[in-house]
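Chemist: I am attaching a structure below and will ask some questions about it afterwards.
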Amino acid sequence: MELWVEEIQGKDVRLGLRLRSVLHREVSEFQEILVVDTLSYGRALLLDGTFQVTEKDEFVYHEMLTHLPLMSHPSPKRVLVIGGGDGGTIREVVRHPEVEEAILCEIDPRVTAVSREFLPEVSSGLSDPRVRVLHEDGVAYIKDHEGSFDVILIDSTDPVGPAVGLYSPEFYAACKRALREGGIVCAQSESPFVNGDVVRRVSRSVLSAFPCRTLYLAPLPTYPSGFWSFTAGSQEPLPKVVSAARAEALGTRYYTAAVHAAAFALPPFAAALVE
Ligand code: SAM
C-alpha cells in the first residue's frame, strides 16, 4: 500500500509527497506536529498539515531569509530569530563569524525538541555556544527589548493562531524599537502567487515603521506555488552589492553575492503587489 502526505494548499490544489514512513506525530499546546520520511524530499516537518521544512529544499528558504539581511549589515553582532523552531535559520545565522549572540524565540518548545530529534542537520545550529533558545511569544518578547538587535528575522508560520500578531503594524513598530542604529528586520512573507494579500499586508506593516522596504523572491518547491517571498525593513536602502569574499566564506548552497544582487530584480507581477 502506498502512503502519501498531502498539504491542502487551497480549495483545488494539493501537494502530495509519497512516504517511506511516519516518524512522529503529536499535538502540542499550539499545533499538530508531524514528521515524515518522504521518498523524494527526505524528512519533512509539517505543522497543522502545512509543510515547514523538507531536507531537500530547506536550504534555499533558510539561506535567503538569513543571508540577504545579514550580509546587508556591516557587522551583525546580535541577531534575533522569532519562530524558526526547527533551527534552520539559526544554523545559517551562526555561519556569520561577526555574530556574537543569536537568540531564538520560538513559542512552541515541542517544535524545537522534535526538530532536534528528527532533523539533526537542520537543527544543528541550535547547539552553537552563541545561541540562546527561548520559548516565548515573539509578540510579547519584542516589546521588552528596545535597542537590542542588529538583525531580526521573522521565521513564522502562516498568519493564523499565535502567528497573527507577527504580521501587524504594531509588531513592526516594536521591531524598529528593538533594533540598534542601522538595524534590519526581515520576514518570510508567503507566496506572491497565492498569498498576494499577505505579501501586501507585510509590506504595509513594514512601511508603517521603516522608510525602506525590500521585497525579494526565491524558489521553494514544497511551499504553495513553489515560489516564495521575503520582506525586509530598514532605515537605508539595502545594498545590492555585497562582498563576494564574505559571501563565499559562508559556505552556502544557494546564496551568493550574485544571487543577492539578482534578488533585487522583481518581476513586474510581484512588484505590482506592493505598489
Ligand atoms: N519556514 C516555515 C514556513 O514558512 O512555513 C516556518 C518554520 S518555523 C517551524 C515557524 C514557527 O513559528 C513554528 O514553530 C511556530 O511555533 C512559531 N511561531 C508561531 N507564532 C509564534 C509567535 N507568536 N512567537 C514565536 N514563535 C511563533
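The values are calculated or read from the model by the stated rules, or taken from the named source; none is laboratory data. Source: prediction; values computed, not measured. Here Cβ is always computed from backbone atoms with ideal geometry, including for glycine, and neighbour counts include all displayed protein chains. Please note that ligands, DNA and RNA were not included when accessible areas were found on the heavy atoms of the full protein model with its side chains. Shrake-Rupley method; radii C 1.70, N 1.55, O 1.52, S 1.80 Å.
Chemist: For region 105-140, which residues satisfy the criterion of being within 21 Å of VAL35 (Cα to Cα), near the ligand (Cβ under 9 Å from one of its atoms) and open to solvent by less than 10 Å² (accessible area, probe 1.4 Å)?
Modeler: Of everything in region 105-140, those that are within 21 Å of VAL35 (Cα to Cα), near the ligand (Cβ under 9 Å from one of its atoms) and open to solvent by less than 10 Å² (accessible area, probe 1.4 Å) turn out to be ASP108, VAL111, THR112, SER115.
Chemist: Scan region 183-206 for residues that are hydroxyl-bearing (Ser, Thr, Tyr) and assigned to a loop (DSSP other than H, G, I, E, B) and report the count.
Modeler: 2
Chemist: Would you pick out the residues in region 96-115 that are closer than 10 Å to ASP128 by Cβ and either part of a strand (DSSP E or B) or basic (Lys, Arg) (or both)? Explain how you work it out, then say what you get.
Modeler: Here is the first cut: in region 96-115, the residues closer than 10 Å to ASP128 by Cβ are 99, 102.
Result: ALA102, single match.
Rundown of residues vs (1) of a type outside the set (A, V, I, L, M, F, W, C); (2) touching a helix residue (DSSP H, G or I) at 6+ places or on another chain (Cβ under 9 Å); (3) crowded, with 21+ Cβ neighbours inside 10 Å, yes/no style:
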{"residue": "GLU63", "(1), (2), (3)": "yes, yes, yes"}
{"residue": "THR66", "(1), (2), (3)": "yes, yes, yes"}
{"residue": "SER75", "(1), (2), (3)": "yes, no, no"}
{"residue": "VAL81", "(1), (2), (3)": "no, yes, yes"}
{"residue": "GLY84", "(1), (2), (3)": "yes, yes, yes"}
{"residue": "ILE90", "(1), (2), (3)": "no, yes, yes"}
{"residue": "VAL93", "(1), (2), (3)": "no, yes, yes"}
{"residue": "GLU100", "(1), (2), (3)": "yes, no, no"}
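Chemist: Then there's this: Within the group VAL164, VAL194, which residue is within 11 Å of the ligand (Cβ to nearest atom), farther than 20 Å from PRO69 by Cβ, out of contact with any Asp or Glu (no Cβ under 9 Å at 6 or more places or on another chain) and not hydroxyl-bearing (Ser, Thr, Tyr)?
Modeler: Details: VAL194 fails: within 11 Å of the ligand (Cβ to nearest atom).
Within the list VAL164, VAL194, the selection yields VAL164.
Chemist: Check region 62-79 and report whether any residue there is more than 14 Å from ARG18 (Cα to Cα) and part of a strand (DSSP E or B).
Modeler: Residues of region 62-79 more than 14 Å from ARG18 (Cα to Cα): 62-79.
Within this subset, residues satisfying the condition of being part of a strand (DSSP E or B) are 78-79.
So far as region 62-79 goes, yes, one or more of its residues are more than 14 Å from ARG18 (Cα to Cα) and part of a strand (DSSP E or B).
Chemist: Name the residue that is nearest to PHE118 (Cα to Cα), counting only residues in region 7-42 that are open to solvent by 70 Å² or more (accessible area, probe 1.4 Å) and within 16 Å of the ligand (Cβ to nearest atom).
Modeler: So, considering only residues that are open to solvent by 70 Å² or more (accessible area, probe 1.4 Å) and within 16 Å of the ligand (Cβ to nearest atom), the one nearest to PHE118 (Cα to Cα) is ARG25.
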